[in-house]
1. Report the residue count in the stretch 79-127 for those that are in a loop (DSSP other than H, G, I, E, B) and within 11 Å of the chain's Cα centre (by Cα).
2. Any residue at all in the stretch 138-147 that is closer than 30 Å to residue 54 by Cβ, modelled with pLDDT of 80 or more and open to solvent by less than 40 Å² (accessible area, probe 1.4 Å)?
3. Of these, 69, 118, which one is open to solvent by less than 40 Å² (accessible area, probe 1.4 Å) and either basic (Lys, Arg) or at pLDDT below 80 (or both)?
4. Scanning the stretch 76-115 for residues that are in contact (Cβ under 8 Å) with a residue 40 or more places away in the chain and among the acidic types (Asp, Glu), which turns out most open to solvent (accessible area, probe 1.4 Å)?
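The values are calculated or read from the model by the stated rules, or taken from the named source; none is laboratory data. What you see is a predicted model; the values in this text were computed from it and never measured. Counting neighbours? That spans all protein chains shown, and the Cβs are built from the backbone with ideal geometry, glycine included. Keep in mind that these areas ignore ligands, DNA and RNA; they rest on the heavy atoms of the full protein, side chains included. Shrake-Rupley method; radii C 1.70, N 1.55, O 1.52, S 1.80 Å.
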Amino acid sequence: GLVEDGGAWEWSLGDDSGGFSFDGVALTVDGESRPLRLYRDGDAVWLVDGAAEPVRFAIAERADAAAGAVGGSLEAPMPGVVVDVRTEPGAEVDEGEVLIVLESMKMELAIQSPRAGAVAGVLVANGDQVARGQTLIALTDAPPAGADGADPPAEEETG
């Protein structure tokens, strides 16, 4: 688990445990400190430490905050990196259709639509780091208007 104690965090997982803190300038992990900078860039936060490649984290949004997301959402089943977003807002999707591919623990995981419907919002982008349980896509039950490809009914002429 993860427990906050006055700005410092303690974590434990099985027999392993540790602690970390961040004061806005330096990240201290198990007593070792290094400079760390965070930058907000639209819908993401960049983590830059100068020793490794910058890491981009998508800002999590609740599915019910996405427009029209009354039908549910797709969440990440485990932490990972988004490697392929295969849909877009407004798209009609079929049950079982792969909407996002994540890479986690050197494996690719296809995230499929649990039912037919429409994409109300895509809340991540390729390259985003995602946490377990983070909302990836907001779904609605109904397809978008006109998504079936049919032409609208012709208006009757009055004379």
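1. Looking only at that region, the number is 6.
2. yes
3. 69
4. The extreme case among them is 92.
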